[in-house]
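Report on the structure given below.
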Amino acid sequence: MNQLLLIPIIAFAKLLTLALRVSGRGSGTALPGYLVGRYFPFVLKALVSQIPVVVAITGTNGKTTSQTMLSAVLDQAPQAKVLRNKAGANLSQGILSELLKQSNAVGRLDFTHAVLEVEEATLPRIARLIKPNIIAVTNLYRDQLDAYGEIDRTEKLIRDGIAQCPTAAVVVNGDDPRTSRLTQGLDNATYFMSLAPEYARFLPYEGKLNSRIPGSQGLEATNIHINEDLTTDFSVQGQINHETVHLPQAKTVSPGFFHVYNALTAIAIANLLGIDGATAIAGLKTFKPAFGRGEILTRQQGDKQVNYRLLLVKNPASFSLSLELLRNIPALKLILAINDNTADGKDVSWLWDSELERLNQANIDWILCTGIRAKDMAVRLKYALDVPPGPIPAEESIRQIIDLSFKEAGSGDTVFVLPTYTAMLEFRKLMGKTLDVV
Amino acid sequence: MPYALTITHLYPDYLNLYGDTGNLIVLRRRCQWMGIDCTVKPLTMEEVAQSGQTDFYFMGGGQDMDQVAIVNDFHQLKHEAIQADTEAGVVFLGVCGGYQLMGNTFLMGNGEETQGLGIINVSTRAPSTDVKQRCIGNLVVEINSAVYAEMQTIYATPRKIPRTLVGFENHSGQTYLGNGVEPLAKTIAGFGNNATAEYEGARYKNVFGSYMHGSLLPKNPHFADYLIGLALRRKYADVNLTLPTLTDTEEFAAHEFVVQRYR
Ligand SMILES: [Zn+2]
């Protein structure tokens, strides 16, 4: 297509973005992408096709973390210039908006790599346009129950997306029964990321844990050790591109088993792109967790300082795994912040699919419930705990719970906060953090 | 004499959507707190049901493929026993898919009607064009007067219990009640059985169907106790059997919050 055609469209989009920003109607993220995508559907393809390497990352949990980890790794390569969409802007209009924003006045994009987080149902709709060289699927869980209804449908949508890209290499979670079967019957080269079975069996997958087919390619994490500060040490071994990978000392600062998968995904993709393991590990060490994914916020008043460590929960799997992490914390101080806005899932039934019972092995100092559905959370806890710790405070106002927790905690203590998405945004705002990180 | 209760969880590995197991967590704990010896037995694919072995059936909802798969198994290996048991007054609670499946027809995700188990006289159909595609949202209902009156006889010491049930519905199937089946409740907020009828759920003998997730029993402890009470009354052939009162502060606080916010 004629590059000249792009120029007026790009100019329009840039003007619109500017107008939106000046008039204070948002940071101008989605609207230009929406309008251009709707009236000039060829623009997405014209823009992406200028970037030599395109990686699409999809799946229920860990899209953002995998994307951030991979960017951190690619940044180690001297020539690399990486384009990525913002966390959450993962529908086609969000991706297009980012491309429009990053292009120059004549629609040129000067990047070597695009690392795109793609929402699950969006993949089949844009796969043919963005032609990813690599597709990664982190895992497939029931998420935001009322958004799509059925996980089977999501699995099918992702498979349809992959089927449109027969030459793409596919990196999947090799333990998750749903993702590990995605390329069955397709010709795509597939790489399986897995944890050694003694760890994988603790993870709340739906259905039987997949067992690796002998001879298949991929990476496995062994010797996983979660430290008290929730950083995780592990070793990596396996085969990528028929070459042996062995990395005895990998580390991620993001807490938990999920993030080991994300790190494996980043290492594998880096490897496929010709970046060696040592560089990948060095890159992972520069990675900073995205907001809500293990980030620490501090509140100070006079001499007293309390740290709040945020671990986003968005579905039963991530909730159960976060609780698993907290089992080893001495004198655990915990805030559970549950909202039922659209982005959290309006149906709180998922609290009952989350394994709060794992707290029975934790060393609990105190637990506070907050958010719109604080009272639902308190009921769930009452039924989960074998020995209830007395009445469980349930206060809708997150502001009041922050005050209360600050009072209850000692100076230097860390309070763990498990919020749903909008509760997390509110919590950060109350702590003086704004949305724009990254 | 301490009471014992056997609960059969039907197809737990196939029908486990949207917190339905929360209902079992609640039944189990409340029995424990009331000193009732409670056993939960899974009964799944390829296992034969025997009548007279249980006091209480629970069946949740599942994804389409799973629901279709279990219908054949149910007809061949479970139908006879469960029909005999429920006719004899054994308690049965079906939620969403588990409710639809008990009827004459139920609905798959592609909108196709399929033959159900035919144990209660209800039918679930595809939404017509003038009806919303999916009934989804918080649901607040008023318990029908016969059930509410009976519910109040369950406790040894009379107590104040809400007239309401609260939950969250998520279904496209439209359920219509036939002869011999009473609605469980009248809709205050949300839809319930279908987008036009203003009633939610069904009761036939001690078979109860409901569209309420949420989960259903945690925020409706009075309904949980009622079902436990009915099951024990049948098992011990004692219509005057009563239950102790638990402190339900958290449960009723959560219940009341939903009534106030979403009605
Ligand atoms: Zn439902």
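Highest mean first, what order results for A:209-217, B:210-218, A:254-262, A:235-243 on Cβ atoms within 10 Å?
Output ranking for A:209-217, B:210-218, A:254-262, A:235-243: B:210-218, A:254-262, A:235-243, A:209-217.
Filter the GluC sites (Glu not before Pro) in the stretch B:221-256 to those in DSSP coil with at most 16 other Cβ atoms within 10 Å of their Cβ, and list the result.
Here no GluC sites (Glu not before Pro) fit, given the DSSP loop and packing criteria.
Give the average, rounded to an integer, of partner chain Cβ atoms located within 10 angstrom of each Cβ in A:379-386.
Per residue, the number of nearby Cβ atoms from other chains is 6 on average.
Inside 10 Å of the C-beta atoms of B:248-256, what's the mean count of C-beta atoms belonging to other chains?
Mean partner-chain Cβ count within 10 Å for B:248-256: 5.
Specify whether the C-alpha gyration tensor of the stretch A:80-131 places it in the rounded, prolate or oblate class, a ≥ b ≥ c being the square roots of the eigenvalues: rounded for a/c under 1.5, otherwise prolate if a/b is larger than b/c and oblate if not.
Cα axes put the stretch A:80-131 in the prolate bin.
Give me B:ILE161, A:ILE296, A:ILE57 sorted ascending by neighbouring Cβ count inside 10 Å, so fewest comes first.
Least crowded to most crowded, the residues run A:ILE296, B:ILE161, A:ILE57.
Using amide H atoms built 1.01 Å from N in the peptide plane, name the residues 5+ places from A:LYS346, or on other chains, whose amide H lies under 5 Å from its own.
A:ASP146
Would you kindly derive the ³J(HN,Hα) couplings of the stretch A:201-215 from the backbone phi angles with the Karplus curve 6.51 cos²θ - 1.76 cosθ + 1.60 (θ = phi - 60°), listing them in order in whole Hz, with x for Gly and Pro?
Once θ is set to phi - 60°, the couplings for the stretch A:201-215 become 5, 7, 8, x, 7, 8, x, 5, 4, 6, 9, 4, 6, x, x Hz.
State whether the stretch B:186-262 is rounded, prolate or oblate according to the following rule on the C-alpha gyration tensor (a ≥ b ≥ c being the square roots of its eigenvalues): a/c under 1.5 gives rounded; otherwise a/b larger than b/c gives prolate, and the remaining case gives oblate.
The shape class here is oblate.
So what is log10(I(q)/I(0)) for chain A at q = 0.06, 0.11 1/Å, when the Debye sum runs over its Cα atoms only?
For chain A at q = 0.06, 0.11 Å⁻¹, log10 I(q)/I(0) is -0.26, -0.88.
Rounded, prolate or oblate: which fits the stretch A:178-267, taking a ≥ b ≥ c as square roots of the Cα gyration tensor eigenvalues, rounded meaning a/c under 1.5, else prolate when a/b beats b/c?
oblate
Could you give the dipole magnitude of the stretch B:4-262 about its Cα centre, charging the beta-carbon of Lys and Arg +1 and that of Asp and Glu -1, in debye to the nearest 20?
Charge dipole of the stretch B:4-262: 660 debye, to the nearest 20.
Calculate the mean, over all residues of peptide B:159-168, of how many other protein chain Cβ atoms lie within 10 angstrom of the residue's Cβ.
Whole-number average of other-chain Cβ neighbours for B:159-168 is 1.
Which chymotrypsin sites (Phe, Trp or Tyr not before Pro) does the stretch A:28-74 hold that lie in a coil by DSSP with at most 14 other beta carbons within 10 Å?
none
Taking K and R as +1 and D and E as -1, what net charge do the other residues with C-beta under 13 Å from the C-beta of A:GLY218 add up to?
-3
Please give the calculated 222 nm ellipticity per residue for chain A, where each DSSP H segment of at least 4 residues contributes -39500 (n - 2.57) and the sum is spread over every residue; nearest 500 deg cm²/dmol?
-11000 deg cm²/dmol
Counting only Cα, what are the radius of gyration and maximum Cα-Cα distance Dmax of the stretch B:4-262, in Å?
17.0, 51
Pairs of Cα atoms under 8 Å, at least six residues apart: use those to get the relative contact order of the stretch A:251-313, whole percent.
With pairs under 8 Å counted, the relative contact order is 29 percent.
I'd like to know which of B:GLY61, B:ALA254, A:THR265 lies farthest towards the positive end of the charge dipole of the protein assembly as shown, counting +1 on Cβ of Lys and Arg and -1 on Cβ of Asp and Glu.
Result: A:THR265, furthest along the dipole toward the positive end.
Hey, can you rank A:6-15, A:121-130, B:90-99 by average C-beta count inside 10 Å, highest first?
With the highest mean Cβ count within 10 Å placed first, the list reads B:90-99, A:121-130, A:6-15.
Averaging sequence separations of C-alpha pairs under 8 Å and six or more residues apart, then dividing by the length of the stretch B:4-262, give the relative contact order as a whole percent.
Relative contact order of the stretch B:4-262: 20 percent.
Name the residues of the stretch A:99-132 whose amide N is less than 20 Å from a point 7 angstrom out from the Cα of A:TYR34 along the C-beta direction?
Of the residues in the stretch A:99-132, A:99-102, A:118-123, A:125-126 have backbone N under 20 Å from the label point off A:TYR34.
Given C-alpha coordinates of the stretch B:11-144, what is the ratio Rg to Rh with the Kirkwood estimate of Rh?
Dividing the radius of gyration by the Kirkwood radius yields 0.98.
When only C-alpha pairs under 8 Å and at least 6 residues apart count, what is the relative contact order of chain A, in percent?
13
Can you give me the angle between helix A:151-163 and the longest principal axis of chain A, using Cα atoms only, in degrees from 0 to 90, rounded to the nearest 10?
Tilt relative to chain A: about 30 degrees.
Under 15 Å from a point 7 Å along the Cα-to-Cβ line of A:THR279: which residues of the stretch A:34-76 have their amide N that close?
Residues A:53, A:70-76 qualify, since their backbone N sits under 15 Å from the label point.
Since every read-out is calculated from the coordinates, none of them should be taken as a lab result. These numbers come from a predicted model, not from an experiment. FYI the Cβ positions are ideal-geometry reconstructions off the backbone, even for glycines, and counts take in every protein chain you see.
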